[in-house]
Amino acid sequence: MESNLEAAINEWHASVNDGDLQRSAKAVGDPIVVLGPKGVGPITPAQFADWVKRSGIKLVPRSWHPISERLMVVEEDATWPESNTPTRVATVFRASAGKVTAALRLSDLKSALELAYICREMAASE
């Protein structure tokens, strides 16, 4: 049976990969915290949908690494309209109430797992 976390992440991937802007905005929390090559911080669902449109990114999940009930690292093959070959990346996802509330993309699985474990320990010590 698929968990709520997995369902939210699957919806996030489906909406991003389809380039469906309304669906992308509905798949994320308000705000969603993002991390990528151009920065980090909270953005609105509309800003997230704008990123989906501008980037043209496609992210194909390759491996799933559960961290906690709300955190999962997903290793992905990323492609952009201008790329000829996929780039392997890894994203730390956090979800709440069926929506992705954080998508922190890093360049490799090891870095993403390290960040996810730090996030888990920080949340546990609140």
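Laboratory data are not the source of any read-out in this text; all were calculated from the coordinates shown. The shown structure was predicted, so the numbers you read here are calculated from the model rather than taken from an experiment. Note that we place each Cβ from the backbone using ideal geometry, even for glycine, and neighbour counts take in every protein chain shown.
Just to be sure I understand, how many residues within the stretch 94-114 are more than 22 Å from GLU11 (Cα to Cα) and either among the acidic types (Asp, Glu) or surrounded by 19 or more Cβ atoms within 10 Å (Cβ to Cβ) (or both)?
Looking only at that region, the number is 2.
Report, by residue number, each residue of the stretch 10-24 that is of a type in the set (A, V, I, L, M, F, W, C) and either touching a Pro at 6+ places or on another chain (Cβ under 8 Å) or assigned to a loop (DSSP other than H, G, I, E, B) (or both).
none
Taking the conditions exactly as written (farther than 13 Å from ALA102 by Cα and crowded, with 17+ Cβ neighbours inside 10 Å), does ALA7 satisfy them or not?
no
What's the total number of residues in the stretch 1-27 that are in contact with a helix residue (DSSP H, G or I) (Cβ under 9 Å, 6 or more places away or on another chain), under 20 Å from PRO66 (Cβ atoms) and aliphatic (A, V, I, L, M)?
Looking only at that region, the number is 2.
Are there any pairs, at least 6 apart or on different chains, whose C-beta atoms fall under 8 Å, with the first in the stretch 106-126 and assigned to a helix (DSSP H, G or I) and the second of a type in the set (S, T, N, Q), and if so, which?
LEU109/SER63; ALA112/THR91; ARG120/SER68; ALA123/SER68
Could you say which residue among PRO86, PRO31 is more than 18 Å from ILE9 (Cα to Cα) and surrounded by fewer than 18 Cβ atoms within 10 Å (Cβ to Cβ)?
PRO86
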